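*Asks:* Below are the structure tokens for one structure; questions will follow.
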Amino acid sequence: MSDAVSDDAGTGAVGERSAAADPGVAPSDAFAALGGETRMGIVRTLFEAERDAGRPVTCSFSTLFEASDEETTAGFAYHLRELPETYLRKIEPTEADTADDEAGYRLTAAGRRVARAIAAGTLTESADRDPVDLEAPCPFCAEADLVAAGDDTVLTVACGACEREVLALPFPPAGYRAHDDGSLPAAVDSYYRGRIGTMRDGTCPECGGVVETAAELARHDHRGDGPGADGDDTHDRSDDHDGELVAHARMTCTACGYRLRCPVTLTVLDEPAVVAAFHAAGIDLSERPLWNVGPEWRERVVSTDPLAVRVTAQVGDGELACFVGRDLSVVYTDRVTPDDDGDGRRSGADVTGAGAGTDQSVESAGSETEDADADTGADQPAVGEPDSAPA
């Protein structure tokens, strides 16, 4: 292929630049350099020019000056000099791609990220949204009384019937502006569905850092709201005796600390065996919202050493089971279909995987399994970012 893979930073082919990290400038100096409306206006002008052109562009000194509120070129030049190469790169005529072959300035990747954060309102705005009724039933009580509401950018999905919180996740203010009541819930669902998949694969969607993934144990007290309802409840309470042993998925970036917690079920929705089984049954899992992927799903802890979580779904006349290890890798999948006498039997489409991770064995799972009635579907931890909202 002749075209290199690139993003709008204009860096060309993947791997073209050295992988060595540039130490750059001190964070305090970098943020101080953005102080003042003139400097922020320079970044904003370049970003808007890029957005209009659909590609990185170079703007001349005169173009940037005319877009500012500065009265003299000397005053404007001072502010331009105060913006470090962290945000701007000076382009000489020999490398400029402007039509008049004029020298100018172009945003760096860091400058572009700052401009995007401003446009999204992430650092400067707060957004609220009045309650919106959802069509999906509550995963806890099955009543059609789910309501989504936005408070300080956090979208919460809760049930008015059982008064349980199902989901609490922040969403950028620009997203609230762009979507009306009808499309906002689906937008949040799509936004976080992608993030769950990316983080389970080991990459942080915030900074690109390495993500540590783990299935963690807790005791669910049926008299309360379960793990995570009162905040960042992540400690192992396996020694407690007044609750059912459950697991939840926790994914944490080792670089920026971004964290996401959700039911283990949500981490297997894009598994090839799962997608194929539901596709064969005429069901598109992408149309199932994160706050209720369907009553046919169940999950339970079947072994603690090694840790194994059995996630099952009734698909057509059969059952699909995924065994998930401590690192959230799917180490084994199985299909069970009824025979002519109504008894379960394994399908010829069984899939066995020696998935990556430390929990590759599920043979010992049977020693600690419980009755099928112990499968938990409704009583799973809700979806949340522990740093910013109750999970």
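*Asks:* For segment 264-269, just list the computed ³J(HN,Hα) in residue order, Karplus coefficients 6.51, -1.76 and 1.60, θ = phi - 60°, integers in Hz, with x standing in for Gly and Pro.
*Replies:* Whole-Hz 3J(HN,Hα) from phi for segment 264-269: 4, 3, 5, 7, 10, 5.
*Asks:* While we're on this one: On full extension of the chain, what length is gained from residue 177 through residue 74, given 0.36 nm per residue of separation minus the C-alpha to C-alpha distance?
*Replies:* Stretched fully, the residue 177-residue 74 segment lengthens by 33.3 nm.
*Asks:* Could you please rank 307, 167, placing first whichever residue has the fewest other Cβ atoms within 10 Å of its Cβ?
*Replies:* 307, 167
*Asks:* Could the peptides 312-320, 60-68 be put in order, highest first, of the mean number of other beta-carbon atoms found within 10 Å of their residues?
*Replies:* The most tightly packed comes first, giving 312-320, 60-68.
*Asks:* May I ask you to derive the FRET efficiency for residue 29 and residue 152 from their Cβ-Cβ distance with R0 = 22 Å, giving the value to the nearest 0.05?
*Replies:* 0.15
*Asks:* Once you place label points 7 Å from the Cα toward the Cβ at residue 244 and residue 37, how far apart are they in nm?
*Replies:* Each label point lies 7 Å from its Cα, and together they span 5.9 nm.
*Asks:* OK, next. When a footprinting reagent is the concern and you count Cβ atoms within 10 Å, what order do 193, 326 take, fewest first?
*Replies:* Fewest-to-most Cβ neighbours within 10 Å comes out as 193, 326.
*Asks:* Separate question: Could you give P(r) for segment 101-215, binned at 10 Å from zero, as whole percent values over all Cα-Cα pairs?
*Replies:* Each 10 Å bin holds this share of Cα pairs: 12, 32, 32, 16, 5, 2, 1.
*Asks:* Around residue 315, which amide H atoms from residues at least 5 apart in sequence, or from another chain, sit under 5 Å from its own amide H, with H modelled in the peptide plane?
*Replies:* Excluding prolines and chain starts, which carry no amide H, the hits are 320.
*Asks:* Largest first, please: the extent of the C-alpha atoms of segment 27-120 along each principal axis, to the nearest Å.
*Replies:* 36, 30, 20
*Asks:* Put a dot 7 Å past each Cα toward the Cβ at residue 161 and residue 190; how far apart are the dots in nm?
*Replies:* Taking the simple label geometry, residue 190 and residue 161 are separated by 2.9 nm.
*Asks:* A further question follows. Can you work out the FRET efficiency for the pair residue 60 and residue 281, with r the C-beta to C-beta distance and R0 = 56 Å, to the nearest 0.05?
*Replies:* About 0.40, to the nearest 0.05.
No lab work stands behind these numbers, since they all come straight from the coordinates. Remember, predicted model here, so these are calculated numbers, not experimental data. Reconstructed Cβ throughout: ideal geometry from the backbone, glycine too, with neighbour counts over all protein chains shown.
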